[in-house]
Amino acid sequence: MAHTSHGIGGLTYDPSKRTRPPELNVLAALILIVVAFEVLGRVTMGDSFLFNTRDNIDTLFNEQRLQIIILQVSIIGIIALGVTQVIITGGIDLSSGSIVGATAMVAMSFAQVAIVNGNPNPKAIFGEGWMDLPVIVPVLVGLACGVAAGFVNGALVAYTRIPPFIATLGMMVFARGLAKWWSKGNPISFPTDAYAAIGKGLMPVFIFVGLAVLFHCIMSYTKYGKHSYAIGSNEQAARMSGINVSGHKVLVYTIAGALAALAAIVLSSKNLTAQAGMGVMYELDAIAMAVIGGVSLQGGRGSIIGTVIGALIFGVIISGFTFLKLDAYYQEMVKGLIIVGAVVMDQWRQNARGRG
């Protein structure tokens, strides 16, 4: 029996119209991509993409490749967690990559050691009194930079009614200029051991996963998350229901700025250096991860889980193309196609929902 009457007025339930969570569709896409690389590897190279084929190693899976996949996307994934929240509220953030560059330069300048190989630090930015500081100092300074940038973004969007695209585009240009001005374009290197430990080994992965769990809970079970979805779905209705829309937007953009700054700290720690060009195009990759993960660019829909799966799709594509020994520019072409395809699918879902 296809229809069952229940509830007031004989309302019916049609199982055929029941929809799956969008995260399942993204997960299915991830599995298909992994299978495709596995088949291509077996056919063209006689090797496995996912499984271990070495006789001297007992593990079933290629653990090194799995680690590389998640390491490649963990830092941009941290940015994507903030970008996801911005997009859910109906906004966009183009400044996160430049915030990474500026924050990396500023934070690293407070994380330097005074002596390198028995000589004064050749890349020292400040005097001796600002060397060998406790690790909390560069971390807090870096986070403060991101918070300030995000606050300015949010204030411009919320109180001047400048479109988010323009407001964050201005911050993108300003922050990149700040990154270049900070040390006159010179790299900043030689951090303390404590600062270097932040991005060592799999620490970026642990930070990314921990933050993903935290913000999944926040977006799913707190007032902050409910207000974010409400604003993205219908801003006027959210305002009439008593939500402080302007204040909430400022908070969302501030959190996004703080997460971009944290990504900068992890990145500069991992690389043991900071350069003004760090973070170029990171904002677009972060947006792409969110969109691939099912976040609607029109706001109101999406999830942290979807963004995490979208990040894994990115990692699998990059690692898969490397595995097949294909040139890097193919990665960009495929990523572009995936992004457009994800947006087209989102539009199709919205149109289908409107017809339903």
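The values are calculated or read from the model by the stated rules, or taken from the named source; none is laboratory data. Since we're looking at a predicted model, the values are computed, not measured. Cβ atoms come from the backbone with ideal geometry, glycine included; neighbour counts cover every protein chain shown. With ligands, DNA and RNA removed, areas are computed over all heavy atoms of the protein, side chains included. Shrake-Rupley method; radii C 1.70, N 1.55, O 1.52, S 1.80 Å.
See the values below:
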| item | result |
| --- | --- |
| Cα coordinate range in the range 185-270, projected on the principal axes (Å, largest first) | 53, 31, 16 |
| Nitroxide proxy distance, nm - points 7 Å out along Cα→Cβ at residue 174 and residue 214 | 2.6 nm |
| Summed side-chain charge close to residue 225 - residues other than residue 225 whose Cβ falls under 15 Å, Lys, Arg +1, Asp, Glu -1 | +4 |
| Helical contribution to [θ] at 222 nm, DSSP H n ≥ 4, -39,500 (n - 2.57), averaged over the chain, rounded to 500 | -22000 deg cm²/dmol |
| Cubic angstrom per residue, convex hull over Cα atoms of the range 15-165 | 257 Å³ |
| Accessible area of residue 346 in the full protein assembly, 1.4 Å probe (Å², nearest 10) | 10 Å² |
| The range 307-351 - convex hull of alpha carbons, volume per residue in Å³ | 60 Å³ |
| Signed unit charges on C-beta, dipole axis of the range 213-356, positive-most listed residue 244, 336, 256 | 244 |
| Charge dipole (the range 270-335, unit charges on Cβ, about Cα centre) - positive-most of 305, 322, 278 | 305 |
| Per principal axis, descending, Cα span of the chain in whole Å | 83, 62, 31 |
| Set 226/270; 180/335; 249/335; 180/226; 270/325 screened for pairs whose C-alpha atoms are more than 32 Å apart | 226/270; 180/226 |
| Diffusion constant of the range 56-119 at 10 °C, which comes from Stokes-Einstein with the Kirkwood Cα-pair radius and 1.306 mPa s, µm²/s | 102 µm²/s |
| Accessible surface of the chain [probe 1.4 Å, protein heavy atoms]: carbon and sulfur percent | 66 percent |
| Radius of gyration and Dmax over the Cα atoms of the range 253-325, both given in Å | 14.2, 40 |
| Cα-Cα P(r), the range 213-256, percent of pairs per 10 Å interval | 28, 57, 14, 0 |
| Size of charge dipole - the chain - debye, nearest 20, with Cβ of Lys, Arg +1 and Asp, Glu -1, no other charges | 920 debye |
| Unit charges at the beta carbon, dipole of the chain: most positive-side option, 60, 90, 147 | 90 |
